[in-house]
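Everything on this sheet refers to the single structure shown next.
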Ligand code: GLU
């Protein structure tokens with residue numbers, strides 16, 4: 001067979017050679033050890049938490065080596081294309097601090113010397129490489145129809161090796177004349193790799209995450225160009241990651257099974273293969289078992305969920321690192337205030353079988369992160385969130401922004417800040433009693449506090465409360481009231497002789513707390529009282545007294 005002639009028949013319009021592209025996209029001049037990684041989304045517009053996670057791993061792999069992280073859009077499947085999807089995805093990434101150095105940086109906006117970065121604009125490049133494979137006798141046109149392929153699939157049901165290979169590769173050796181005749185008759189063809197593999201052959205590779213892997217070699221004559229001349233994922237992956245000089249391919253581990261195909265393609269194309277890092281999917285526990293985090297079943301599978309609920313991006317990033325690297329939490333304990341960029345991320349510390357998504361853990365991580373933020377930061381971030389997702393909270397804030405920030409500062413900016421807020425959507429409830437509009441009285445008491453005690457306490461407190469007290473004076477006033485209502489200011493005394501008292505200073509405080517906030521557990525009551533203001537304090541104490549008088 002005259003392969004050169006065949007290549008001209010198949011690709012009459014392709015005049016560039018692989019050499020041309022090799023020169024156009026030379027090796028990158030990077031420092032020793034710098035890694036080049038990428039995120040290669042299909043433009044569906046939906047960003048799955050697992051994609052974000054894999055993307056973060058890819059990004060960190062480049063970032064920690066001062067390498068290059070780029071975005072390539074895998075838009076060869078026009079059925080899956082969604083308008084505006086790239087903008088949405090890039091915005092989703094940037095929220096989590098992932099900004100590509102290169103590649104697609106906005107809808108139809110590219111940056112860098114290794115483009116185009118939309119696969120749909122790379123057709124000529126793929127075809128130049130496909131043509132060169134044909135010239136070398138390493139690829140051939142296949143005219144099998146979908147029906148014929150279906151028949152083969154059914155016939156192979158009990159075969160251990162499936163696909164187009166061996167006797168099933170019916171069009172491997174068609175003559176030039178036959179090919180020409182079919183093409184002239186308008187038959188559609190795909191281009192298949194003439195696989196060099198044998199059923200006994202083995203394929204080895206050292207995955208950066210999974211370790212050494214041994215698999216059967218690829219024997220299939222896989223399709224590399226579809227009948228419309230568009231490459232399959234396999235072929236585009238090899239050509240693009242080679243020409244874009246990717247050093248580390250970080251991708252989902254569903255691609256492991258295809259890696260023998262990819263390594264074979266790299267070999268026949270004369271490319272040095274990249275290193276692979278296959279990331280296991282994020283799992284969820286269900287009925288004692290584990291399953292993949294699912295777009296259909298789990299709202300938290302959508303990255304938009306975190307923004308909607310108001311998890312700060314710092315929390316999500318921190319949480320993703322706990323999922324990514326088993327030593328992250330130890331590092332965090334030793335480096336409490338260090339920024340996440342300082343963490344020495346390591347592919348080797350990734351979970352092999354899939355990290356478990358745990359909402360309670362995310363919540364704890366986030367509470368910690370938020371507890372270390374300044375009140376101003378909490379105010380600003382939650383205000384931004386509220387403007388988009390909770391107009392009521394935004395309106396409350398806007399009544400008096402300084403007061404709002406002061407409310408958020410209660411028990412914050414100190415050595416042991418409270419950890420009540422996991423996400424901005426917790427705030428409306430958390431601060432509801434600080435605003436008359438949202439305060440819901442609830443007069444349930446705990447401990448030794450009874451309605452009868454409450455009546456006594458409130459009768460006294462209404463007359464003694466003084467909003468110009470400092471904290472010590474405020475507390476002394478409460479303690480001084482204790483004896484008059486049959487309680488002791490000293491908890492220890494109460495504990496040694498409980499029968500002598502109606503309660504202790506804690507119970508007296510409970511009455512005041514419940515009257516002012518409708519809750520038995522709140523942050524610092526002194527600050528709350530001060531921020532409520534004299535008028536509201538009087539009103540709430542009076543209302544509570546009225547309630548308990550009726551109840552007692
Ligand atoms: N477009 C592929 C996907 O979304 C990319 C896989 C890869 O990173 O190579 O699964």
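Largest first and in whole Å, the equivalent-ellipsoid semi-axes of the range 219-295 read 29, 15, 11, each the square root of five times a Cα gyration tensor eigenvalue.
Rg and Dmax of the range 365-494, based on Cα coordinates, read 18.1, 53 Å.
Treating each Cα of the range 60-169 as an identical point scatterer and summing with the Debye formula, the log10 of I(q)/I(0) at q = 0.11, 0.12, 0.20, 0.23 Å⁻¹ comes to -0.63, -0.71, -1.04, -1.22.
By the Stokes-Einstein formula, at 1.002 mPa s and 20 °C, the range 232-361 with its Kirkwood radius over alpha-carbon pairs has D equal to 125 µm²/s.
Once the Cβ-Cβ distance of residue 353 and residue 145 is raised to the sixth power relative to R0 = 51 Å, the FRET efficiency obtained is 0.80.
Relative to the dominant Cα principal axis of the chain, helix 359-371 is inclined by about 60°.
Extension gain for residue 167 to residue 226 (0.36 nm times residue separation, less C-alpha to C-alpha distance): 19.1 nm.
With R₀ set to 56 Å, the beta-carbon distance separating residue 294 from residue 483 gives a calculated FRET efficiency near 0.35.
Note on the range 1-100: Kirkwood radius taken over Cα pairs, Stokes-Einstein applied at 20 °C and 1.002 mPa s, translational D equal to 131 µm² s⁻¹. You can think of it this way: the chain between residue 80 and residue 17 has 19.6 nm of extra reach, that is 0.36 nm per residue less the Cα-Cα gap. Place a label point 7 angstrom from the Cα of residue 258 along the Cα-to-Cβ direction, then list the residues of the range 280-297 whose backbone nitrogen is under 17 Å away. What the label zone holds, given the 17 Å backbone N cut-off, is 280-281.
Taking 20 °C and 1.002 mPa s as conditions, the range 131-180 diffuses translationally at an estimated 175 µm²/s according to Stokes-Einstein applied to its Kirkwood radius (Cα pairs).
How much mean residue ellipticity at 222 nm does the chain get from its helices, if each DSSP H run of length 4 or more adds -39500 (n - 2.57) and you divide by all residues, to the nearest 500 deg cm²/dmol?
Value at 222 nm, helices only, nearest 500: -13000 deg cm²/dmol.
Working from label points 7 Å from Cα in the Cα-to-Cβ sense, the residue 124 to residue 329 distance is 5.5 nm. Across all Cα atoms of the chain, the radius of gyration (one decimal) and Dmax (whole number) stand at 33.4, 112 Å.
Between the helical axis of 313-324 and the longest alpha-carbon principal axis of the chain there is an angle of about 60 degrees.
Of the peptides 403-415, 41-53, the order by per-residue mean of other Cβ atoms within 10 Å, starting with the highest, comes out as 41-53, 403-415. Net length available on complete extension from residue 339 to residue 136 is 67.8 nm, with 0.36 nm assigned per residue and the Cα-Cα distance removed.
Based on C-alpha pairs under 8 angstrom that are at least 6 apart in sequence, the range 352-490 has a relative contact order of 20 percent. For the chain, the longest principal axis of the Cα atoms and the long axis of helix 259-269 meet at an angle of about 50 degrees. Entry for the range 462-539 at q = 0.13, 0.18, 0.27, 0.28 Å⁻¹: log10 I(q)/I(0) = -0.40, -0.74, -1.34, -1.39, Debye formula applied to identical alpha-carbon scatterers, no solvent contribution. For the range 49-118, report the % of Cα-Cα distances exceeding 14 Å. The answer is 60 percent, as a whole percent.
Antiparallel beta bridges, as assigned by DSSP with both residues in the chain, represent about 60 percent of the total such bridges.
For residue 493 and residue 416, what is the calculated FRET efficiency with R₀ set at 25 Å and r taken between the beta-carbons, to the nearest 0.05? Could the numbers behind the result be given before it?
Details: r = 27 Å, r/R0 = 1.08.
Here the calculated transfer efficiency is 0.40.
Just so you know, all these numbers are worked out from the coordinates, no wet-lab data involved. Note that the coordinates shown come from a computational prediction; the quantities given were computed from them, not determined experimentally. Positions of Cβ are backbone-derived with ideal geometry, glycine not excepted, and every protein chain shown enters the neighbour counts.
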